[in-house]
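Before any comments, here is the structure.
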Amino acid sequence: MRTGLFYLFESLGKKPVAQVYRDAEDEAVYAEEIGFAGIHPAEHHFSDHYGIMPRTELFLAKLAGRTRRIRLAPMVSVAPLTDPIRLAEDAALLDHLSDGRFTLSVGSGYRKYEFDAFGLDIAENRERTREALEIAKLAFENERLTFEGKHFNYKDVRVVPRPRQEPHMPMWLTTAAPPQVEWAASRGFGVLPAAGFAWPIIKADRERYVKAARQAGLDPRKHDAPCFKWIYVGETDAQARAVAEKAFMATFNAFFVGGEKLVDHLMARFKESGMPPVTDPSKLFDLLGSDELTVCVHGSPETVRQKLSPLRESGIDYFIGGFSIGALPTDEVRRSMRLYAERVMPHL
């Protein structure tokens, strides 16, 4: 079981933006040193406290020069907010800058104000994402591409440079929607489940992916089978909870501002899995950190190992952890990463 490191780039009024970037960069280099397998930054726009990363490709270009082994994959590039040819060009360039360590990983986006500012309709986000992935695939697998779609049209275009991993650069779609899972599997793309799912949903979506890929005559093992959880590892359960609850709830509350589209979808899927509603706000963190849901995994190394034990039986082989939660001080983040690397990672 390999492990990746997720970054949301939060200041939450606690850190200068320059420090947010510097901490993330140095922690990513440290992650490579202690055995992590990937770095996964998130793209967001127009916020000065939650998701201060308008171009993940620029951040990963910097890391490409400071690392040698670790995989570089956005989580995600918001495909509907950019031109698909530009997306493919950036991916191919980063593939060379990183000596073949780049994965093109996109999502549909979920914050309406980001789409509004770009003059786009968020209701079209899934359609645009599908077309963008198809265009990138054509660009990487053919010398020239012609594409006629609902949102994008190109004729006889050649993307330069060609990817270093030509013609099969790994390509992922992050999604919370079963139809998107099935579509991605049928087209040969990997799938990263959206954050926050309970283990039964993760397992069901993985089984859905495997079935759809096989029906299309494709090998579902071509790509990693990843999942994401927020995580904090402490020396004791009590110490870990004290830190994780304050940090995670700061992140969780910021997520709700402008994230209504994804919130509504996640709530509907939680109901599918039989999760009880929460009417007492003081009990919310208990539910989010419960063994059934584990949106935020926290505890001593032994407790975290137990909480992550469903990974394998859910069909997952790549765990992505959000260690930098709620603008935690970098020393706190590194301490959690080190405990994980030394006392959790070897047992997964």
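The values are calculated or read from the model by the stated rules, or taken from the named source; none is laboratory data. Just so we're clear, the structure is a prediction, and the values are computed from it rather than from any experiment. Cβ: placed from backbone, ideal geometry, glycine included. Neighbour counts: every protein chain shown.
Observations on the model:
- Any hit, the range 27-40, residues being assigned to a helix (DSSP H, G or I), among the acidic types (Asp, Glu), within 18 Å of Phe323 (Cα to Cα) and touching a residue at least 12 places away in the same chain (Cβ under 8 Å): yes
- The listed residue being under 15 Å from Gly35 (Cα atoms) and loosely packed, with under 15 Cβ neighbours inside 10 Å, out of Arg343, Arg338, Arg312: Arg338
- Condition check for Leu348: closer than 14 Å to Gly4 by Cβ, in contact (Cβ under 8 Å) with a residue 60 or more places away in the chain and not basic (Lys, Arg): yes
- When residues in the range 132-143 are screened for being touching a strand residue (DSSP E or B) at 6+ places or on another chain (Cβ under 9 Å) and free of Cβ contacts under 8 Å to residues at least 40 places away in the same chain, 1 of them pass.
- Looking across the range 1-26, the residues that are closer than 15 Å to Val333 by Cα and part of a strand (DSSP E or B) come down to Gly4, Leu5, Phe6, Tyr7.
- For Glu166, the conditions (1) surrounded by 19 or more Cβ atoms within 10 Å (Cβ to Cβ); (2) at pLDDT below 95; (3) of a type in the set (Asp, Glu) all hold with the exception of (1).
- Tally, over the range 316-348, of residues that are part of a helix (DSSP H, G or I), over 26 Å from Asp224 (Cα atoms) and in contact with an Asp or Glu (Cβ under 8 Å, 6 or more places away or on another chain): 1
- The lone criterion from (1) touching a Ser or Thr at 6+ places or on another chain (Cβ under 7 Å); (2) among the aliphatic types (A, V, I, L, M); (3) under 30 Å from Leu145 (Cα atoms) left unmet by Val29 is number (3).
- Residues satisfying the stated conditions in the range 191-211, i.e. within 21 Å of Pro74 (Cβ to Cβ) and aliphatic (A, V, I, L, M): Val191, Leu192, Ala194, Ala195, Ile202
- The requirement of being closer than 22 Å to Leu192 by Cβ and at pLDDT below 95 is fulfilled somewhere in the range 330-348, by at least one residue.
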